[in-house]
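Encoded as structure tokens, the structure appears first; notes follow it.
The values are calculated or read from the model by the stated rules, or taken from the named source; none is laboratory data. The structure displayed is predicted, hence computed values, not measured ones. Every residue, glycine among them, receives a Cβ derived from its backbone with ideal geometry; neighbour counts consider all protein chains shown. For accessibility, only protein heavy atoms count, side chains too; no ligands or nucleic acids. Shrake-Rupley method; radii C 1.70, N 1.55, O 1.52, S 1.80 Å.
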Amino acid sequence: MPRLAAIGFDADDTLWHNERFFRMTQERFAGLLTDYTDAGHLQARLLAAERRNLGHYGFGIKGFVLSMIETAIEVTEERVPARVIAELIAAGQEMLAHPIELLPGARAAVEALADSHPLILITKGDLLDQERKLAQSGLGDLFDAVEIVSDKTARTYGQIFARHGAGAEQALMAGNSLKSDVLPMIAAGGWGVHVPHELTWALEHDHPPEDEPRFRSLAGIGDLPSLIAAIEG
């Protein structure tokens with residue numbers, strides 16, 4: 001096939017660590033509410049709150065914190081102490097200030113591909129937080145465009161790659177989420193490359209589309225330049 005007209009990268013848990021901070025905060029959340037319910041029940045209630053709140057708050061830390069507060073109110077039957085609410089807000093603020101740690105091979109892969117292809121960072125989450133993380137990563141100057149979106153759908157990818165390239169059919173998207181980075185990109189007609197991360201949010205799980213000819217899976221993001229070279233032949 002001809003050279004790809006554009007390559008898209010997910011950000012969180014594809015280029016740098018992110019989910020680990022959510023898991024640490026969830027453990028802190030469980031510790032604060034240990035007198036009211038067990039950790040397993042609390043986790044299930046929090047996940048249910050996050051799922052139903054996506055349409056209200058979108059993706060990111062702020063919605064996560066609001067879902068924790070809502071869950072705390074529910075499981076304590078509206079008796080949650082004010083100090084617990086204050087600690088949850090403080091935990092969210094700490095998450096918004098956490099330092100960036102790039103995943104192994106991320107910088108080398110982005111640098112290698114920036115020499116030969118237009119690169120687009122496509123990410124969900126809080127606008128200010130995603131901008132902060134990109135600035136701290138030191139990778140910002142390597143991307144030709146940055147798209148911070150409310151959700152990742154086939155339509156979203158079609159629009160982005162029409163603006164930055166020659167359409168999704170001549171583009172590739174790499175990321176750790178099958179649900180957000182791979183399946184909708186393939187539905188838009190492009191290549192979807194799964195780069196699994198050891199920690200992936202439950203709401204981003206899905207089944208790999210093994211029979212799709214434009215689906216690929218990699219052990220790590222560092223293998224992406226070699227894969228693209230093979231695809232382009």
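For the chain, what % of the accessible area comes from carbon and sulfur atoms, probe 1.4 Å? Write down the numbers at each step before the final one.
On the way: 5640 of 10810 Å².
The value for the chain is 52 percent carbon and sulfur by accessible area.
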Practice item. Please work out the Cα center distance from the range 1-48 to the range 72-126, rounded to the nearest Å. Key: 8
Study note, to complete from the structure: In Å³ per residue, the alpha-carbon convex hull of the range 180-233 encloses 83
Practice item. Read phi for every residue in the range 218-224 and hand back ³J(HN,Hα) as whole Hz from Karplus 6.51 cos²θ - 1.76 cosθ + 1.60, θ = phi - 60°, with x for Gly and Pro. Key: 10, 6, x, 5, x, 8, 5
Revision key, fill the gap. Eigenvalues of the alpha-carbon gyration tensor of the range 83-142, times 5 and square-rooted, give semi-axes in Å, largest first, of 31, 12, 8
Check your understanding: Can you tell me the accessible area per residue over the chain, all protein chains present, probe 1.4 angstrom, in square angstrom?
Key -> 46
Check your understanding: Using a Gaussian network for the chain with springs between C-alpha atoms less than 10 Å apart, which of these wobbles most: MET68, MET24, MET95?
Key -> MET24
**Study point:** Rounded, prolate or oblate (a/c below 1.5 giving rounded, otherwise prolate when a/b exceeds b/c) for the range 105-233 by Cα gyration tensor
**Key:** rounded
Practice item. Hey, can you grab everything whose amide H is under 5 Å from the amide H of ALA145? Only 5+ residues off in sequence or another chain; H modelled, so Pro and N-termini drop out. Key: LEU119, LEU121
Revision key, fill the gap. In debye to the nearest 20, the charge dipole size for the range 1-79, taken about the Cα centre with +1 at each Lys and Arg Cβ and -1 at each Asp and Glu Cβ, equals 300
Point to revise | Amide hydrogen neighbours beyond the local backbone of GLY125, cut-off 5 Å, H modeled | key: PHE59, VAL149
Check your understanding: What base-10 log of the normalised intensity I(q)/I(0) is obtained for the range 128-194 from the Debye formula, alpha carbons as equal point scatterers, at q = 0.15, 0.17, 0.24, 0.25 Å⁻¹?
Key -> -0.49, -0.62, -1.08, -1.12
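Once you mark the GluC sites (Glu not before Pro) that are in a DSSP loop and have at most 15 other Cβ atoms within 10 Å, what is the longest gap between them in the chain? Don't skip to the end; give the middle numbers.
Working: sites that count: GLU77, GLU78, GLU101, GLU198, GLU210.
The longest such stretch corresponds to 102-197.
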